[in-house]
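The values are calculated or read from the model by the stated rules, or taken from the named source; none is laboratory data. On a predicted model such as this, the values are computed, not experimentally measured, just so you know. Cβ coordinates were reconstructed from backbone atoms using ideal geometry, including for glycine residues, and neighbour counts include every protein chain displayed. Ligands, DNA and RNA are excluded from the accessible area calculation, which covers all protein heavy atoms including side chains. Shrake-Rupley method; radii C 1.70, N 1.55, O 1.52, S 1.80 Å.
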Amino acid sequence: MPTFALIDGNSFYASCERVFRPDLAKTPIVVLSNNDGCVVTRTREAKALGIRMGAPYFEVAHLERKGLLTVFSSNYELYADMSRRMMDIIASLVPRFEVYSIDECFADLTGLPDDPTDLGQRLRARVEQWVGLPTCVGVGPSKTLAKFCNHLAKRHGKLAGVLDWGSLSPERQAKALESEPAAEVWGIGRRLADQLSDLGVHNALDLARADPALIRRRFGVVVERVIRELNGAACLALEDVAPPRQQLVRSRSFGTLLYERDALAAALAHHTAQAAHDLRAQGSAAGLIGVQLHTHRFREQDAQHHACDWRPLPVASCDTLALTRAALALLDRLYKKGYAYKKVGVMLAELQTGAARQADWLAPKTGPARLALLGALDTVNHRYGRGTLRLGAEAIASGWQMRRDKTSPCYSSRFAELPRTKPPESVVQHLS
């Protein structure tokens, strides 16, 4: 029987901040979304203050002013680096694993001689010791049960952060399923749970005991698969390598409203460069490029302009320069002077990989010099951080970056922002 584990970082963004700020170990912390809009991460102490997930920043700002809450903007560079370190540590203890998100991964424990609970504790201890992040581990015969056990391990402190489904008796398994609403099951969610409640399915146990054939007729094969996974049948295999994406979208709201074409062009060039890098990373090329442009839809007092257009490329490409030229040409067609724009983005579609690429004998091939340039661009940005080398189009204007007024330093990925300490006064006096 297969055995899966889900290893998940607890309050991951906030925990990354605490690694370099041990003085905040017991302090309520929240991390905000793009442009410091709303709460996306809460520590246990912040939850105790009644702060809800998704709460707008202005609703919690008074707690910050009173010194009861510490607030951070999202520091994606720091979180991505800490995630990479955490995944490397997990890989040192398991034979196969699949990165599911920035703070979660599934591991295949099938056939390992270790007791799953003991191995889970070793995983937690190593991640805590080597990188300073707290985690929880759920183990089960299917991915869905592993994720369910992880959820229970977080909620119940007496489990010490690890729960193995196989260690529970059938009676305790049924009680555990009955204790959680159906919406907490991976793949269900609140909207689907509301529909299931009409059939008398209110908790995870009801869902596990539901008729798979009936559920398939009403909700499709995906929900049927959830039921089978809850009953211990592994329907979802471990993916060692994530499948190539079929479409890439890169966009982000601005920190302030933009009126000028150059500022929009700089933001669009940045997003296009990011998308082109991701294309090359997965060995793909795009045959179709699109640009979207939006004003602030919630500012009803402003004139509104929402536009989107697509352009087929003569030959599928992952060339940053070629894609940027095409994106900026689309922007010129969409841009209208006098509007206050809130967001711009690029979309890449008709992605082709490897031998599936369609050649065009009339279109010139990307030459060796350009390939070497793109390779150098990716190498430098991978080693020193994205944006170290960039197109001049990204720098023709400023003000388009998202607002992050409370960002912490990139402690682990920028030399200039490495943590610093001062020697004790006694040492200073001795040296002087």
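Here are the numbers for this structure:
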quantity: Residue tally, condition more than 29 Å from the chain's Cα centre (by Cα) and either surrounded by 17 or more Cβ atoms within 10 Å (Cβ to Cβ) or hydrophobic (A, V, I, L, M, F, W, C) (or both), over region 109-122; calculated: 1
quantity: Boolean, Arg172 is in contact with a Ser or Thr (Cβ under 8 Å, 6 or more places away or on another chain), open to solvent by 50 Å² or more (accessible area, probe 1.4 Å), modelled with pLDDT of 95 or more and in a helix (DSSP H, G or I); calculated: no
quantity: Long-range neighbours under 6 Å by Cβ, at least six apart or interchain, first residue part of a loop (DSSP other than H, G, I, E, B) within region 296-308, second among the β-branched types (Val, Ile, Thr); calculated: Gln304/Thr295; His305/Thr295
quantity: Residues of region 404-418 satisfying the condition of being open to solvent by less than 80 Å² (accessible area, probe 1.4 Å), at pLDDT 80 or above and assigned to a loop (DSSP other than H, G, I, E, B); calculated: Arg404, Lys406, Thr407, Ser408, Pro409, Cys410, Tyr411, Ser412
quantity: Failed criterion for Ala153 (all others in (1) more than 26 Å from Gly220 (Cα to Cα); (2) touching a residue at least 40 places away in the same chain (Cβ under 8 Å); (3) buried (at least 19 other Cβ atoms within 10 Å of the Cβ); (4) over 20 Å from the mean Cα position of the chain (by Cα) hold); calculated: (2)
quantity: Top-ranked residue in region 88-106 [being part of a loop (DSSP other than H, G, I, E, B) and not hydrophobic (A, V, I, L, M, F, W, C); ranked as nearest to Cys16 (Cα to Cα)]; calculated: Asp103
quantity: Subset of region 204-222 (residues that are under 23 Å from Pro170 (Cα atoms) and either surrounded by 13 or more Cβ atoms within 10 Å (Cβ to Cβ) or in contact (Cβ under 8 Å) with a residue 40 or more places away in the chain (or both)); calculated: Ala204, Leu205, Asp206, Leu207, Ala208, Arg209, Ala210, Pro212
quantity: Those residues of region 392-403 which are open to solvent by 40 Å² or more (accessible area, probe 1.4 Å) and among the aliphatic types (A, V, I, L, M), in sequence order; calculated: Ala395, Ile396
quantity: Selection from region 58-77 of residues that are of a type in the set (Phe, Trp, Tyr) and either open to solvent by less than 30 Å² (accessible area, probe 1.4 Å) or in contact with a strand residue (DSSP E or B) (Cβ under 6 Å, 6 or more places away or on another chain) (or both); calculated: Phe72
quantity: Region 107-141, residues that are in a strand (DSSP E or B) and more than 23 Å from Arg155 (Cβ to Cβ); calculated: Asp108
quantity: Criterion violated by Ala237 - all others in (1) surrounded by fewer than 13 Cβ atoms within 10 Å (Cβ to Cβ); (2) part of a helix (DSSP H, G or I) satisfied; calculated: (2)
quantity: Residues satisfying the stated conditions in region 305-333, i.e. under 30 Å from the mean Cα position of the chain (by Cα), among the aliphatic types (A, V, I, L, M) and within 16 Å of Ala269 (Cβ to Cβ); calculated: Leu321, Ala322, Leu323, Ala326, Ala327, Leu328, Leu330, Leu331
quantity: Tally of residues being assigned to a strand (DSSP E or B) and farther than 15 Å from Ser317 by Cβ across region 240-291; calculated: 11
quantity: Check on Leu279, under 30 Å from Asp108 (Cβ atoms) and either surrounded by 15 or more Cβ atoms within 10 Å (Cβ to Cβ) or over 27 Å from the mean Cα position of the chain (by Cα) (or both); calculated: yes
quantity: Unmet criterion (only one of (1) surrounded by fewer than 17 Cβ atoms within 10 Å (Cβ to Cβ); (2) under 24 Å from Arg414 (Cα atoms); (3) in contact with a Phe, Trp or Tyr (Cβ under 9 Å, 6 or more places away or on another chain)) for Ala91; calculated: (2)
quantity: Single residue of Ala125, Ala55, Ala25, Ala80 found to be at pLDDT below 95 and either within 18 Å of Ala5 (Cβ to Cβ) or open to solvent by less than 30 Å² (accessible area, probe 1.4 Å) (or both); calculated: Ala55
quantity: Every pair of residues 6+ apart whose Cβ atoms lie under 9 Å, when the first sits in region 191-203 and is loosely packed, with under 13 Cβ neighbours inside 10 Å while the second is in a loop (DSSP other than H, G, I, E, B); calculated: Gly200/Ala210
